[in-house]
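The values are calculated or read from the model by the stated rules, or taken from the named source; none is laboratory data. Quick caveat: nothing in here was measured; it's all calculated off a predicted structure. Neighbour counts are summed over all protein chains in view; Cβ atoms, including those assigned to glycine, are modelled from backbone coordinates with ideal geometry. These accessible areas exclude ligands, DNA and RNA; they are computed on the full protein's heavy atoms, side chains included. Shrake-Rupley method; radii C 1.70, N 1.55, O 1.52, S 1.80 Å.
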Amino acid sequence: MARCGLCTVGNGLTMNRDWWQVPKERFAVQHDVRVRYNEIDGQGIVFNGNYLIYADIGVTEFFRALGGGQPGAFFAQYGSDFVVVNADVDYHASLILDDIVTVAARVARFSRSSFVIHIALFRGSQRMTDMAMTYAHVEMDRSRAIPIPGSFIADVRSFQPDPPEQTAPNS
């Protein structure tokens, strides 16, 4: 188990492989992007690091659809911020130039001071990649993790088709 200073990573806040079974239509947000030339490598496939850019697109589109615009602005209403503390990527198949990719996003899990956004990439109906981004909810100066606002949890629960897991009570 590793400590990042804001939360403990490796304590069940990473990707749950059962999430691979979540069908495309059960994601709260879906946004299409086209694979561009600058995203591929010498093998003609999307370079592995670029998958995190797709994850960021999914997170941004999730918060935009939730009604907050950009993620940082959304949490500013609480006088707080959130930061990535862990990223898991599971590759199932390669994306290539000009693929139309559906970036699908949902909040998968809440804990006391962090949450996980599950992002899946689809080419048509084929699942290409699953990613889990763990975010710590922090004070504006990022000095310490703080409890996630109950109103944020309620907003997410009412927004997406399936409620996120709750691993610890919110206080």
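Some values worked out for this structure:
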{"quantity": "Flag for SER158 being open to solvent by 20 Å² or more (accessible area, probe 1.4 Å) and of a type outside the set (Lys, Arg)", "calculated": "yes"}
{"quantity": "Single condition PHE47 does not satisfy, out of (1) without any contact (Cβ under 8 Å) to a residue 24 or more places away in the chain; (2) touching an Asp or Glu at 6+ places or on another chain (Cβ under 7 Å); (3) under 14 Å from ILE119 (Cβ atoms); (4) not charged (D, E, K, R)", "calculated": "(3)"}
{"quantity": "Filtered residue count, region 108-127, keeping only those that are open to solvent by 10 Å² or more (accessible area, probe 1.4 Å) and closer than 16 Å to ARG17 by Cβ", "calculated": "2"}
{"quantity": "Qualifying residue in region 110-121 (condition: at pLDDT 95 or above and in contact with an Asp or Glu (Cβ under 6 Å, 6 or more places away or on another chain))", "calculated": "yes"}
{"quantity": "Residue in region 128-135 that is surrounded by fewer than 18 Cβ atoms within 10 Å (Cβ to Cβ), farther than 14 Å from GLY58 by Cα and not aromatic (Phe, Trp, Tyr) present", "calculated": "no"}
{"quantity": "Residue match in region 153-170 (condition: in a strand (DSSP E or B), within 23 Å of TRP19 (Cα to Cα) and either at pLDDT 90 or above or not aromatic (Phe, Trp, Tyr) (or both))", "calculated": "yes"}
{"quantity": "Residue among ALA105, ALA145 that alone is in contact with a Leu (Cβ under 7 Å, 6 or more places away or on another chain), crowded, with 20+ Cβ neighbours inside 10 Å and of a type outside the set (Phe, Trp, Tyr)", "calculated": "ALA145"}
